[in-house]
Ligand code: SF4
């Protein structure tokens, strides 16, 4: 459930306030037959298609690294890619067929999906399977490259992507390059072209910004970022607090230490947004390990999100039989977690 009237307790408790029947967006679970096994799946579960393409950026706060680090593993230890295209796409098609009764939202993520040679076929496969809202998250570096006769951006738009999320840590190009530790991020002109072409084809571009102490970490920082987004033709921005990891299992990994040291807290920022008449409240979403608020500012959609990987594990322990989200891994496994060694559902290989 999302609420049109603001619930202060949800902002304070965040995902700890999650109650599947009481305040989740679907309010219920479904029973699916997954390769002969009856499986309870949250009715509004998202399917992430996780590109195995190594990212060319090296953000010190990398979310892809943070997820395994929270469970005490390094990313390199868990990344396996099915080398055979035929086997990979057969597994993807089989997973989409099995999930048809759920009709999940689908997000393509990475790694860096825009550099993945398999991306055009992944997008075509997802489009052929139909289904509701499909999105992709990228650092933007490969969007204007040509692949199989079209730009990657054209592949995204012509296969019906609803949203295109481009990660950018700072409006200033050189500060963004320093934070993401790469120089291939699209500059303002390229972003303007990406936004223009995406919108012309019905795909909504969105910028995604992490909240970092000393960078974008305040209400005025948010407003400046929004002005930058508007200047490149983007009217939809998400600001993310760096994910919290699970203290019970997290490795003392540089990405964990950096995130803990540089995490700008969302809650006081949201309190400042609430007190600012330039912003108007739209809705809250309480997820099983994330919390979202949506606001409007000068004709733009502004989304704030925080997530807690310790809470993710706690929610799973409370109801171990329930699948909250689905991840199609680069090795061709469909799993209920971001780790291909945990919660594998198929195809044809029940855990
Ligand atoms: S762009 Fe994304 S996947 Fe790449 S290093 Fe940064 S956070 Fe990680």
Expected max-MSF residue from 76, 57, 310 in the GNM of the chain (alpha carbon, under 10 Å) is 76
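With both bridge residues required to lie in the range 113-231, what share of the DSSP beta bridges run antiparallel, to the nearest 5%?
Details: 2 of 11 bridges.
If I count the DSSP bridges inside the range 113-231, around 20 percent turn out antiparallel.
Under the definition of Cα pairs under 8 Å and six or more residues apart, what whole-number percent is the relative contact order of the range 161-300?
Values: 169 pairs, mean separation 29.0, N = 140.
So the answer I get is 21 percent.
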When the chain is treated as a Gaussian network with springs between alpha carbons less than 10 Å apart, the largest mean-square fluctuation among 221, 130, 86 is found at 86
Convex hull around the C-alpha positions of the chain: the volume in Å³ per residue is 127 Å³
For residue 132, placing the label point 7 angstrom along Cα-to-beta-carbon and taking the range 76-118, residues whose amide nitrogen sits under 12 Å are 102-106
Whole-percent tail of the Cα-Cα distance distribution for the range 73-171, cut at 17 Å, equals 56 percent
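Rank these for me by crowding, 341, 295, going from fewest to most other beta carbons within 10 Å.
On the way: 341 16, 295 20.
Listing 341, 295 from fewest to most nearby Cβ atoms yields 341, 295.
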So, with points 7 Å from each Cα along the Cβ direction, the residue 94-residue 19 label distance in nm works out to 4.1 nm
quick note, the range 36-195, DSSP beta bridge pairs, % antiparallel (nearest 5) is 15 percent
Expected max-MSF residue from 202, 52, 142 in the GNM of the chain (alpha carbon, under 10 Å) is 202
Dividing the mean separation of Cα pairs under 8 Å (6+ apart) by the residue count of the range 129-210 yields a relative contact order in percent of 36 percent
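Please arrange 303, 292 by how many other C-beta atoms lie within 10 Å of their C-beta, fewest to most. Walk me through the numbers before you get to the answer.
Numbers: 303 18, 292 21.
The order, fewest Cβ neighbours first, is 303, 292.
In the chain, what % of DSSP beta bridges are antiparallel (nearest 5)? Please report the intermediate quantities before stating the final value.
On the way: 29 of 62 bridges.
So the antiparallel bridges amount to about 45 percent of the total.
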Using alpha carbon centers only, the range 215-243 is separated from the range 120-177 by a whole-angstrom value of 20 Å
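Give me the percent relative contact order of the chain, please, defined on Cα pairs under 8 angstrom at least 6 residues apart.
24 percent
Read-outs throughout are calculated quantities, based only on the coordinates presented, and are distinct from any laboratory measurement. Worth saying up front: this structure is predicted, and the values here are computed from it rather than measured. As a convention, Cβ positions derive from the backbone with ideal geometry for all residues, glycine included, and neighbour counts pool all protein chains shown.
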